[in-house]
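> Sending over a structure as structure tokens; questions will come in a sec.
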Ligand code: HEC
Ligand code: HEC
């Protein structure tokens, strides 16, 4: 799953070497395509489920609690707050553009969004429910039962359908038309001189070896601390936890840098709050490079051009509970 870094550098150099043509196809980063909706009823249902805190034991925590779509699809906390105010072990990545990831979670333990979506509902440190209870809640609400039938073409509420619908909604959470994408599309006025210089530095320094493709990341697992070790109190070991291979220790899914100005704090341990610090550390730890203050500022300016149009939709109105709906247990 991890590609040797030398190979990545070689391909990055190849890509940057062919800059003259200046078409998007020559660049190591491609524009984000707009969402394609194939099943509108599933997306609509998935949106309701994404916002519905009744899928948690407390009746208080929804996917949106930790992946707040008003805040770049994150909670902007070092680590998340779960059931009973528990402190989570790791920073919540954004759900925006996450369908482009080669796998989900920092260590890639879920193969796709559908496989991921069942996890938090039953995670005792997150929504702390069970799949059986979540289904019981949904089945007790006739409007949900009808909506599942409409979205799937037959009667029935089960966890497979719940995760399919949530994933269908998440597929729509893309952020096209950032200023950088406009620049890639040929609008050279979309970036200032400093931002364009930042992009040149981002490419020429080798950041694109790991942060590339439409999501500017999400396409490989890489060691955190290639040149110099990363100091952290976090116990996360990354990909090694999935593969059992010592060589995969501290290999994390390279995070997307789309909307990165909104998704602070940074790194798997959420230890850094400013892009200035993070760019400085990435230079030193991953590339053995020290950027001047001007270079750092230019790269940060470039990173802020990756903020795209945030998903726009009407806030869902959730169907009310009924006499039969199991009651929330926020304190028990
Ligand atoms: C209590 C906070 C919390 C809740 C609630 C929560 N998540 Fe997460 N989510 C996280 C954290 C933390 C991670 C990272 C965990 C890891 O990598 O080990 C994560 C990871 C993810 C990822 C992977 C993103 C990536 O880039 O790897 C997706 C997608 C996601 N969550 C979607 C959801 C959905 C859908 C729900 C609701 C069913 C949900 N989350 C509920 C905190 C939460
Ligand atoms: C060898 C691969 C590699 C290179 C080269 C690299 N990065 Fe990273 N980058 C990563 C990984 C892996 C992470 C996640 C590390 C972690 O969370 O512990 C990361 C995280 C980041 C983050 C934080 C994103 C977030 O949401 O937490 C930013 C910003 C970033 N890199 C920018 C850069 C810049 C700028 C450069 C060039 C100076 C660069 N990276 C070079 C692999 C790389």
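> Per the helix-only calculation at 222 nm, which mean residue ellipticity applies to the chain, given -39500 (n - 2.57) for every DSSP H run of n ≥ 4 and division by its residues, nearest 500 deg cm²/dmol?
-10000 deg cm²/dmol
> Okay, next question. Report, to the nearest 10°, how far helix 293-304 tilts away from the longest principal axis of the Cα atoms in the chain, using its own Cα long axis and a range of 0 to 90°.
Roughly 40 degrees, rounded to the nearest 10.
> Once a ≥ b ≥ c are taken as the square roots of the eigenvalues of the Cα gyration tensor of the range 74-194, is the result rounded (a/c under 1.5), prolate (a/b larger than b/c) or oblate (a/b not larger than b/c)? Provide the component values of the computation, followed by the final result.
Values: a/c = 2.76, a/b = 1.56, b/c = 1.77.
Note, shape of the range 74-194 comes out oblate.
> What percent do you get for the relative contact order of the chain when only Cα pairs under 8 Å and 6+ apart count?
Reported relative contact order: 25 percent.
> Assuming a ≥ b ≥ c are the square roots of the Cα gyration tensor eigenvalues, decide whether the range 113-162 counts as rounded (a/c under 1.5), prolate (otherwise, with a/b larger than b/c) or oblate.
Oblate.
> Once label points are set 7 Å from the Cα along Cα→Cβ at both residue 313 and residue 40, what is their separation, rounded to one decimal in nm?
Here the answer is 1.3 nm between the modelled labels.
> Is the range 130-245 rounded, prolate or oblate when judged by the Cα gyration tensor, a ≥ b ≥ c being the square roots of its eigenvalues, rounded requiring a/c under 1.5 and prolate requiring a/b larger than b/c?
It comes out oblate by the Cα gyration axes.
> Taking the radius of gyration and the Kirkwood hydrodynamic radius from Cα positions alone, what is the Rg/Rh ratio for the chain, to two decimal places?
With Rg and the Kirkwood Rh in hand, the quotient comes to 1.00.
> Angle check, please: helix 193-204 long axis (alpha carbons) against the longest principal axis of the chain (alpha carbons), in degrees 0 to 90, nearest 10.
Around 90 degrees separate the two axes.
> Next up: Taking the 0 to 90 degree range and rounding to the nearest ten, how far is the long axis of helix 159-171 tilted relative to the main principal axis of the chain, both from C-alpha atoms?
On a 0 to 90 degree scale, this one is about 40.
> Between the alpha-carbon centers of the range 282-332 and the range 210-227, tell me the distance in whole angstrom.
18 Å
We did not get these values from a lab; they are worked out from the coordinates using the rules stated. Just so you know, these numbers come straight off a predicted model, no measurement behind them. As a convention, Cβ positions derive from the backbone with ideal geometry for all residues, glycine included, and neighbour counts pool all protein chains shown.
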